[in-house]
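The structure appears below as structure tokens.
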Amino acid sequence: MRAREVRRVYDQGHRLHGRRVVVFLAPGTGSFAVVAARRVGGAVERNRARRILREAWRQVSPQVSADSDAVLVAREAIRGAKTQDLVAEMTELVRGVSA
């Protein structure tokens, strides 16, 4: 996703707040972006956060409408989390929207 598409999802999207991640969902083409700000940690921690968020989203995305764009924002609590922790958290967040 490009920066303007990410801003559109931020502005028009539905926010789902979790302990380790915030998920923004908006109608779109089915693409997604991952954001990890400096508050998550240094470069190594931010890259790890993005990597595990991408993998978790690949497992959770089939539960979301195929025409929804998503922006996944890592929170500070993501440090030390495993992919399966994020899969469980995002599944709960997404389940609330699709229900």
Taking placed amide H atoms and a strict 5 Å upper bound, the residues 5 or more places from residue 21 or on another chain that come that close are 75
A 1.4 Å probe over the protein heavy atoms gives the chain a carbon and sulfur accessible-area percentage of 47 percent
Checking 16, 53, 86 against a Gaussian network model of the chain (alpha-carbon springs below 10 Å), the top fluctuating residue turns out to be 16
Computed over the chain: longest principal axis from alpha-carbon atoms vs helix 3-12 long axis, angle to nearest 10 degrees, is 70 degrees
Taking 0.36 nm per residue of separation between residue 39 and residue 19 and subtracting their Cα-Cα distance, the length gained on full extension comes to 5.7 nm
Over the chain, with neighbouring protein chains present, the accessible area per residue in Å² at probe 1.4 Å is 59 Å²
Once amide hydrogens are built 1.01 Å from N within the peptide plane, the residues lying 5 or more places from residue 33 or on another chain with amide H under 5 Å from its amide H are 70, 71, 72
Only helices counted: for the chain, with every DSSP H run of 4 or more residues adding -39500 (n - 2.57) and the sum spread over all residues, [θ] at 222 nm is -14500 deg cm²/dmol
In the stretch 39-96, the trypsin sites (Lys or Arg not before Pro) that sit in a DSSP loop and have at most 16 other Cβ atoms within 10 Å of their own Cβ are 79, 82
log10 I(q)/I(0) for the stretch 13-93, Debye formula on C-alpha points only (no solvent), q = 0.20, 0.22, 0.27 Å⁻¹, two decimals, reads -0.80, -0.96, -1.39
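The values are calculated or read from the model by the stated rules, or taken from the named source; none is laboratory data. Note that the structure is a prediction, hence the values are computed from the model and not measured. Cβ atoms come from the backbone with ideal geometry, glycine included; neighbour counts cover every protein chain shown. Accessible surface areas use protein heavy atoms only, side chains included; no ligands, DNA or RNA. Shrake-Rupley method; radii C 1.70, N 1.55, O 1.52, S 1.80 Å.
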